[in-house]
Amino acid sequence: MENKDWVAGISKSDAGRYSRQLLVDDFGVSGQKNLKNTAVLIVGAGGLGCPVATYLGAAGVGTLGIVDYDRISLDNLHRQVAYKEDQVGQSKSQGLADNVKLQNSGVTTVVHNVSLDSSNAMEIFKNYDIVCDCTDNVATRYLINDVCVLLNIPLVSGSALRWDGQLSVYHYGPDCPCYRCLFPSPPDPSSVTNCNEGGVLGPIVGTIGSMQALEVMKIAAKLSTTLAGKLLLFDGREGKSRTIRLRKRDPKCAVCGDEPSITAPIDYVLFCGAGAHDKIENLKLLEPSDRVNVHEYQEIRTARKQFLLDTRPPVEFEIAHLPEAINITLNECRSLRADELSSRLGVDSQTSDVYVICHRGNDSQRAVVLLREKLGSIHFRDIIGGYEEWALKVNDEFPLY
Amino acid sequence: MASTIPVTIDFSGGAEFLVKAKVQKVQIPEDSTLRDVLKFVRDNLVTDVHRMNMLLNEDASEVAHGVITLINDTDTGLLSEYDTTIEAGDTITFVSTLHGG
């Protein structure tokens, strides 16, 4: 009798490893084989990128490319769950690829340890079948969208902030809109909040990232039930999610329209008026005479107790503050009347100096501008670099966040 | 006095920080279009007027870039956009898009 008297749709090792996936109707052997023949690019190895890479690696994707120039930091670990404490300081793209490989040695990983920009995106993207946008800023989101359209690659786009997440598939099928069809113009940079400022909970990015991995599996398996042309809104605080129908592709879209004006990547930092990262910009609104550095303030407060106004939101004030600080948020500096501000601060007509502090030294400058209009008899000065600088230069025991 | 209709106005993705409550049941004039609702929101619902630019443009003729409007969970881009007439019982949603990850 011949030794091989069966017909197999898949290798013995794959059948064993992926059996629970192979049993799922509409995925099955063909889905598994298609996934193995698919190359997926993950842009952003952060809170979204970790679950996307982990689930796609485990599911047996053929090739996984990971783009990120950043290094793992301690304040990433609460949500970027693929990383371990001893990886802090290492490259994210390399660290994530290593972890995927440890979990499933059959996956080919490609590390792109670069900052994605107009000069390198086409060259990187052209080797992939599906791209996942797991980034944290508007400029990179437009760049990824345009390059996906130019190379005709479906884009699985996730985003998250605080308690909320959003998910869609762009440029997948003739009627499906791209990101630019929905948002032809970028938002005003001053109205954009990122995770560095607004915060985000780990399970929120975990949920959205896991669903991005699922969309990739459906696209790879050629299923028709993807989120193309739809937007999923997830509200983790209320425990609600809903999926809305989006407009169709805009024939006048600058990149995917019938007569596109964008035929190569443009300057996205210029287009968005904001940098291609989620770092905080350093403002300079005040003259040197209206500012003190942290060492100067330390001397001043040691000599005599000072009035210190802390503009941060109450949740940040609660993490830690100097004992003399009085919490009046930037919004309150705007909306309160002069007499209300005076009584909250506890100042009187004899008070000549008030110092203003915030997290990193931007809002404190904005507050000084507002406050000197309202309380002209007081000399307001901001503390350069805020609590972050304080923790770095004056007291490294101060809880930095 | 012109008659009014009940509608629900709902804010999501960060737009809720500019108003008193995420979901609000209000009365708006009959035969209002979405364009009228934008002005209604500006005049009656936005409490944080200093950050109005996160939600609406200067004269409240359009939503800010990065905001999508829905009527009963359908993108108004599939309806008649700002000319869509609002019916009694409709839910109008303002979704600010998120960029973090």
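The values are calculated or read from the model by the stated rules, or taken from the named source; none is laboratory data. Because the structure is predicted, anything quoted here is derived from the model rather than measured. Cβ placement follows ideal geometry from the backbone for every residue including glycine, while neighbour counts extend to all protein chains displayed.
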**OP:** Take the residues in region A:350-359 that are surrounded by fewer than 21 Cβ atoms within 10 Å (Cβ to Cβ) and touching a helix residue (DSSP H, G or I) at 6+ places or on another chain (Cβ under 9 Å), then tell me which one is modelled with the lowest pLDDT.
**Re:** A:T351
Original post:
Can you tell me which residues in region B:25-42 are part of a strand (DSSP E or B) and either touching a Leu at 6+ places or on another chain (Cβ under 6 Å) or surrounded by fewer than 17 Cβ atoms within 10 Å (Cβ to Cβ) (or both)?
Top reply: B:K25, B:V26, B:Q27, B:P29, B:T33
Original post:
If you check every pair at least six apart or on different chains, which have Cβ atoms under 7 Å apart with a residue in region A:320-339 that is assigned to a strand (DSSP E or B) first and a residue that is aromatic (F, W, Y) second?
Top reply: A:N327/A:F317
Original post:
Does A:G376 qualify as being within 16 Å of A:L283 (Cα to Cα) and outside any helix (DSSP H, G or I)?
Top reply: no
**OP:** Search region B:57-74 for residues that are touching a residue at least 12 places away in the same chain (Cβ under 8 Å) and more than 9 Å from chain A (Cβ to nearest Cβ) and pair each with any residue that is of a type outside the set (V, I, T) and in a strand (DSSP E or B) when their beta-carbon atoms are under 9 Å apart and the residues are at least 6 apart or on different chains.
**Re:** B:E62/B:L56; B:V63/B:L56; B:V63/B:F94; B:T69/B:D75; B:T69/B:F94
Original post:
Just wondering, is there one or more residues in region B:43-56 that are within 14 Å of another protein chain (Cβ to nearest Cβ) and in a strand (DSSP E or B)?
Top reply: yes
**OP:** Hey, can you tell me all the residues within region A:242-254 that are within 11 Å of chain B (Cβ to nearest Cβ) and either within 24 Å of the chain's Cα centre (by Cα) or of a type in the set (G, A, S) (or both)?
**Re:** A:R242, A:T243, A:I244, A:L246
Original post:
Quick check: is even one residue across region A:312-325 out of contact with any helix residue (DSSP H, G or I) (no Cβ under 8 Å at 6 or more places or on another chain), among the charged types (D, E, K, R) and under 24 Å from A:V200 (Cβ atoms)?
Top reply: yes
**OP:** Those residues that are more than 9 Å from chain A (Cβ to nearest Cβ) and either among the β-branched types (V, I, T) or on the phi > 0 side of the Ramachandran plot (or both), I need them from region B:82-95; list them, please.
**Re:** B:T84, B:T85, B:I86, B:G89, B:T91, B:I92
Subject >> Every residue from region A:192-201 that is within 7 Å of chain B (Cβ to nearest Cβ) and at pLDDT 95 or above >> reply: none
**OP:** Identify all residues within region A:130-166 that are polar (S, T, N, Q) and at the interface with another protein chain (Cβ under 7 Å from one of its Cβ atoms); write none if there are none.
**Re:** A:T135, A:N137, A:S159, A:Q166
Original post:
Can you tell me which residues in region A:296-322 are acidic (D, E) and crowded, with 16+ Cβ neighbours inside 10 Å?
Top reply: A:D310, A:E316
**OP:** Within region A:167-191, count every residue that is surrounded by fewer than 22 Cβ atoms within 10 Å (Cβ to Cβ) and either facing chain B (nearest Cβ under 7 Å) or farther than 14 Å from A:C256 by Cα (or both).
**Re:** 9
**OP:** Select, from A:V61, A:V100, A:V43, A:V110, the only residue that is β-branched (V, I, T), within 14 Å of another protein chain (Cβ to nearest Cβ), closer than 18 Å to A:N127 by Cβ and in contact (Cβ under 8 Å) with a residue 12 or more places away in the chain.
**Re:** A:V43
Subject >> Listing of helices (runs of 4 or more DSSP H) fully contained in region A:4-115 that carry 2 or more residues being closer than 18 Å to A:K222 by Cα >> reply: A:19-22, A:28-36, A:49-59
**OP:** Keeping to region A:118-154, report how many residues are surrounded by fewer than 16 Cβ atoms within 10 Å (Cβ to Cβ) and under 21 Å from A:P260 (Cβ atoms).
**Re:** 6
Original post:
Cβ-Cβ below 8 Å, separation at least six or inter-chain, first residue in region A:65-90 and in the same structural domain as A:S210 (by TED's automatic domain parsing), second surrounded by fewer than 23 Cβ atoms within 10 Å (Cβ to Cβ) and basic (K, R): which pairs?
Top reply: A:G89/A:R71; A:Q90/A:R71
**OP:** Could you tell me whether region A:272-295 includes any residue that is more than 14 Å from chain B (Cβ to nearest Cβ) and closer than 25 Å to A:V131 by Cβ?
**Re:** no
Subject >> Filter pass, B:K39 being more than 23 Å from A:D188 (Cα to Cα) and among the charged types (D, E, K, R) >> reply: no
**OP:** Take region A:173-227 and flag every residue that is part of a helix (DSSP H, G or I) and of a type in the set (S, T, N, Q).
**Re:** A:S190, A:S191, A:N196, A:T207, A:S210, A:Q212
Original post:
Of the conditions (1) facing another protein chain (nearest Cβ under 10 Å); (2) under 25 Å from A:V61 (Cα atoms), A:L232 fails just one. Which one is it?
Top reply: (1)
**OP:** Kindly indicate whether A:I244 is touching a helix residue (DSSP H, G or I) at 6+ places or on another chain (Cβ under 8 Å), at pLDDT 90 or above, of a type in the set (A, V, I, L, M, F, W, C) and not in a helix (DSSP H, G or I).
**Re:** no
